[in-house]
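Beneath this line is the structure, given in structure tokens, with notes to follow.
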Amino acid sequence: MGNESSGRLGRFLKGSSIIFVGFIIQLGLGFVGKLLIGRLLGNVNYGLVNIGVTVMSTAGIILLLGLDTGISRYLPRQERSADRRGVLVSAFSVVMPVALIAGVLMAVFAGDIASIIFKDPAAEPIIQIFAMTLPVMILIRLTGGTIRGQQEALPRVLLQNIGLPVVRFGLIVVVVLALGLGAGGVSKAYLGAYALIGLGALYYLYRYTNLFDRTPATPMRRKLLVFSAPLIIASTMNMIHANIDVFILGFFQSTGEIGVYTAVYPLSKLLKVGLTTFGFLFMPLISELHSNGERGEMRRTYQIVSKWVLLMTLPVLLVYLTYPDIVIRYTFGPEYISGGLPLAVLSIGFFAHTVSGPSGDTLTAQGKSKLVMIDNIVVAVVNVGLNLILVPRYSVLGAAIATTVAFLAMNSLYVIQLYRSIGVHPFRRATLGPALGSIAVWVGLTQLVGAVWTVTGPLFLLLTTVFGVVYLGLILVLGGSKLRKSISLRREKRGRGSIWEDFVLFSIDSHSDRLGDTPSIIVGSQRETAHEEAVVLLEDRRLLRNAVNETERQSLLECVARSESGTTNDGYVISDGVVELSERRSESVRDSDFLDSVEITQELRCQLSRI
């Protein structure tokens with residue numbers, strides 16, 4: 001069991017590291033592309049482009065019917081080829097015809113959408129171009145759900161994280177810098193990029209799935225739609241949550257105000273880097289664990305992921321809250337400086353969404369899609385109501401406040417419901433220690449610098465660089481006192497590993513050091529050779545008995561019964577007589593010499609049994 005879960009976590013971390021690289025490329029090129037459009041075309045033309053993007057993405061969210069999520073949930077649960085093909089055929093045959101019809105209708109009524117909703121006839125040709133892009137975007141999203149369901153990372157990274165942003169950025173550079181075209185030219189660059197990547201998506205589906213095979217396919221439409229029906233509503237509510245502010249800004253304010261808001265919004269979304277990195281592979285992994293009844297592994301995986309998401313996000317939040325005007329001025333330019341306060345407000349909402357961890361995906365993986373649907377309906381109503389009240393009076397700031405309140409409400413519901421479901425939440429002492437220490441250092445550093453100098457661009461860069469170095473040190477000191485021992489031991493035994501494998505060891509170390517009474521035994525190695533050492537971290541066992549449910553307990557007792565070593569009532573047993581550990585105090589268990597003596601070989605039938 002320990003070996004299997006360690007392998008799963010290893011695959012998860014490896015996939016997440018690939019996604020992280022791809023996402024950084026996507027984020028960087030996408031952000032630079034937005035900067036290029038915003039700075040060179042001005043806030044009005046930038047607003048026109050974002051009207052087209054918003055209309056397309058809104059239609060896409062609705063038309064997907066939640067089936068991209070349905071694919072990623074049901075595909076890993078199917079063993080038979082006919083069942084796996086049935087999932088794909090059912091999803092694509094439902095969504096793609098509707099997407100083609102919707103694209104045509106959107107192009108036909110583009111003038112009405114531009115004049116009635118956004119009160120700007122100049123948006124009509126932009127909306128028509130994005131209407132042609134809509135079916136291709138949906139094809140790519142369904143392909144992404146397929147890749148996610150197959151628990152692969154590299155194809156998705158190549159298509160969506162690298163291919164699409166690279167091609168789009170290249171075309172935008174040609175359109176804006178070389179040809180000097182405006183919003184219409186940029187919209188055509190989007191269309192061209194999606195068309196090329198759509199061809200790549202079709203190749204993946206043809207080459208690596210059985211979607212186009214002439215083999216039997218088990219009908220899955222009803223099962224997928226029953227699961228996805230609540231997600232359709234939830235996705236619609238998410239669309240309202242993500243895009244309603246742009247529609248309401250267009251109705252009550254000007255296209256220029258849309259330009260300012262859509263400059264602030266992607267800056268705020270930088271806070272989601274960690275959550276997006278881990279989230280892609282998190283949902284199918286959690287779904288598999290839930291299907292196997294491994295609730296303990298679900299809790300452990302959730303806690304590790306939520307911890308690293310928070311630690312990756314906190315520095316960006318502190319910078320946005322302290323120097324929003326500087327961030328705006330040196331990214332999109334002085335024309336967008338009115339977005340400084342809205343940026344600070346939005347950053348709070350995105351941070352709340354991030355630190356709650358992947359709670360929504362965890363609830364969905366447990367089959368609680370109806371609960372997620374209800375949550376999103378409540379949040380959408382709150383968001384629409386607040387936008388209608390605040391946008392007419394406060395414009396961009398009102399939209400930012402409405403979005404932030406909606407984020408806080410949604411993630412509060414997710415966290416409470418997840419805690420009631422599996423007894424886990426993201427707010428742990430192992431995480432709060434480094435976080436609070438980092439906040440104290442940042443406040444002290446900024447106050448000291450601000451008292452002597454006026455913070456401008458060069459000093460701002462120096463200040464954030466110094467804090468970044470200090471922040472890493474604080475994580476090492478406050479987050480995991482055994483990091484060096486664990487990584488050193490691992491490398492002595494297996495040689496130098498990847499940074500992501502060291503990350504999981506770091507996370508485990510922090511987890512054990514700071515939680516004291518937390519019931520947890522974690523094996524931090526993957527079995528890739530016949531004889532492989534493992535770092536075994538044993539913690540204070542006061543709450544261990546409460547953490548093991550009856551199913552897990554019975555399984556462990558059966559495992560121990562098959563071993564030759566015998567057991568004790570209060571011990572940890574590694575079977576086949578290799579190692580038997582009686583109950584010990586935490587201090588002695590964590591001693592590096594003791595850890596160095598623990599060996600686990602491939603011959604063990606029961607890798608680790610908890611009594």
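The values are calculated or read from the model by the stated rules, or taken from the named source; none is laboratory data. Predicted, not measured: the structure shown is a model, and the values here were computed from it. Neighbour counts run over all protein chains shown; Cβ positions are idealised from the backbone, glycine included. For accessibility, only protein heavy atoms count, side chains too; no ligands or nucleic acids. Shrake-Rupley method; radii C 1.70, N 1.55, O 1.52, S 1.80 Å.
Numbers for the structure displayed
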item	result
For region 357-425, accessible area per residue (1.4 Å probe, heavy atoms of protein chains only), Å²	38 Å²
Cα Rg over Rh - region 58-213, Kirkwood	1.03
Accessible carbon and sulfur surface of region 323-375 relative to its total accessible area, %, 1.4 Å	64 percent
Region 41-117-region 383-441 distance, computed between alpha-carbon centres (Å)	27 Å
Rg in Å to one decimal, and Dmax rounded to a whole Å, for region 323-401 via C-alpha atoms	16.2, 48
Set K269/K370; K119/K272; K34/K188 screened for pairs whose C-alpha atoms are more than 23 Å apart	K269/K370; K119/K272
Two-site label geometry, A195 and I422: point separation in nm, points 7 Å out along Cα→Cβ	4.4 nm
Heavy-atom accessible area per residue - region 116-235, 1.4 Å, Å²	45 Å²
Accessible surface of region 54-146, 1.4 Å probe, proportion on carbon and sulfur as whole %	68 percent
Percent of alpha-carbon pairs separated by more than 12 Å within region 57-105	63 percent
